[in-house]
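Take a look at the structure set out below.
The values are calculated or read from the model by the stated rules, or taken from the named source; none is laboratory data. Since this is a predicted model, take the numbers as computed values, not measurements. FYI the Cβ positions are ideal-geometry reconstructions off the backbone, even for glycines, and counts take in every protein chain you see. Quick note on the areas: whole protein, heavy atoms, side chains included, nothing else; ligands and nucleic acids left out. Shrake-Rupley method; radii C 1.70, N 1.55, O 1.52, S 1.80 Å.
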Amino acid sequence: MTLSSQSTVASVDPLSHTHVAVDESIVAAARDVGSIIAKHVQTTEGNRRLAPPVIDALRAAGLFRLFTPRALGGLEIDPVTFARVVEEVSTFDSAAGWAFQVNTGAWWTSRMSPEGVAELYADGPDLMMAASFAPPHRAEEVPGGYRITGRGPLASTIHGSRWVLMSAIVFDGDQPRMTPAGPDFISVVMRTMDVEIIDTWDSLGMRGTD
């Protein structure tokens, strides 16, 4: 299905009673890949990460570029349409729905320099970025940047992501660097190949989220 044309319908927000337009062409594209997602549910569950054909189908449907700006080849959809797409995919496999809705690339790169954005999107608009927010890691300022150390317990879709975003507190020696607002807190994006993936994800429920 092509996503170049838009077909919208109006839904009613139950809280504000206002009409919100939903791009049904994108919802339909998500529905079209449902059979592939459903076919690989057991593989995704057993391997504790999305089956490669599922990732390929989500990418082909444009679901990793929903919030990516149009200037970068993305769809730049609205949050209500995004929620409808997540609902649609999750009816086939909740792990698949989680995998692309938790993808934080477009959100965080909007706060980066143009050079950083260009590097992350060099391979196209379908950016997959894992994230490990808590607890914050340790950052030590060194020539040319920061040295980041620590261990994060959760980073969904880590094996399928080329990049991973981490939070860190800047330390001077044994003490956190303080600002008027509190500790000097930074976010950094690293290549996944530069981190060690410790395979501990063997939990009940949502096992396929990696």
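Among the candidates SER161, SER156, which residue alone is open to solvent by less than 20 Å² (accessible area, probe 1.4 Å), touching a residue at least 24 places away in the same chain (Cβ under 8 Å), within 12 Å of the chain's Cα centre (by Cα) and under 26 Å from VAL27 (Cβ atoms)? Give the derivation first.
Details: SER156 fails: open to solvent by less than 20 Å² (accessible area, probe 1.4 Å).
On inspection, the qualifying residue turns out to be SER161.
In the set (1) open to solvent by less than 60 Å² (accessible area, probe 1.4 Å); (2) in contact with a Leu (Cβ under 9 Å, 6 or more places away or on another chain); (3) closer than 30 Å to ILE169 by Cα, the condition left unmet by ALA134 is number (1). Residue-level check: of (1) in contact with a His (Cβ under 7 Å, 6 or more places away or on another chain); (2) surrounded by fewer than 17 Cβ atoms within 10 Å (Cβ to Cβ), ALA168 misses just (2). Here SER11, SER16, SER25, SER5 are screened, and the one residue that is of a type outside the set (A, V, I, L, M, F, W, C), more than 28 Å from HIS159 (Cα to Cα), at pLDDT below 95 and part of a helix (DSSP H, G or I) is SER25.
For the range 73-94, the set of residues classified as free of Cβ contacts under 8 Å to residues at least 24 places away in the same chain and part of a helix (DSSP H, G or I) consists of PRO79, PHE82, ALA83, VAL86, GLU87, SER90, listed by residue number.
If we keep just the residues of the range 105-119 that are of a type outside the set (S, T, N, Q) and open to solvent by less than 30 Å² (accessible area, probe 1.4 Å), which is farthest from ALA57 (Cα to Cα)?
Going through the qualifying residues, I end up with GLY116.
With respect to PRO180, determine if the residue is open to solvent by 60 Å² or more (accessible area, probe 1.4 Å), more than 25 Å from the chain's Cα centre (by Cα), on the phi < 0 side of the Ramachandran plot and free of Cβ contacts under 8 Å to residues at least 12 places away in the same chain. Against the criterion (open to solvent by 60 Å² or more (accessible area, probe 1.4 Å), more than 25 Å from the chain's Cα centre (by Cα), on the phi < 0 side of the Ramachandran plot and free of Cβ contacts under 8 Å to residues at least 12 places away in the same chain), PRO180 qualifies. In this structure, GLY97 does satisfy being in a helix (DSSP H, G or I), open to solvent by less than 50 Å² (accessible area, probe 1.4 Å) and within 19 Å of VAL22 (Cβ to Cβ).
Screening VAL102 against (1) surrounded by fewer than 19 Cβ atoms within 10 Å (Cβ to Cβ); (2) free of Cβ contacts under 8 Å to residues at least 24 places away in the same chain; (3) within 21 Å of ASN47 (Cβ to Cβ) leaves a single unmet condition, (2). Taken together, the residues in the range 183-210 that are open to solvent by less than 70 Å² (accessible area, probe 1.4 Å) and part of a helix (DSSP H, G or I) amount to 4.
Filter the range 100-125 for residues that are part of a helix (DSSP H, G or I), of a type outside the set (A, V, I, L, M) and modelled with pLDDT of 90 or more and give the result.
PRO114, GLU115, GLY116, GLU119
Among residues of the range 28-50 that are polar (S, T, N, Q), none has a Cβ under 6 angstrom from a residue that is open to solvent by 60 Å² or more (accessible area, probe 1.4 Å) and not in a helix (DSSP H, G or I) at a sequence gap of 6+ or on a separate chain. If the condition is being part of a strand (DSSP E or B), touching an Asp or Glu at 6+ places or on another chain (Cβ under 9 Å) and not β-branched (Val, Ile, Thr), then the range 126-166 contributes ALA130, ALA139, GLU140, GLU141, TYR146, ARG147.
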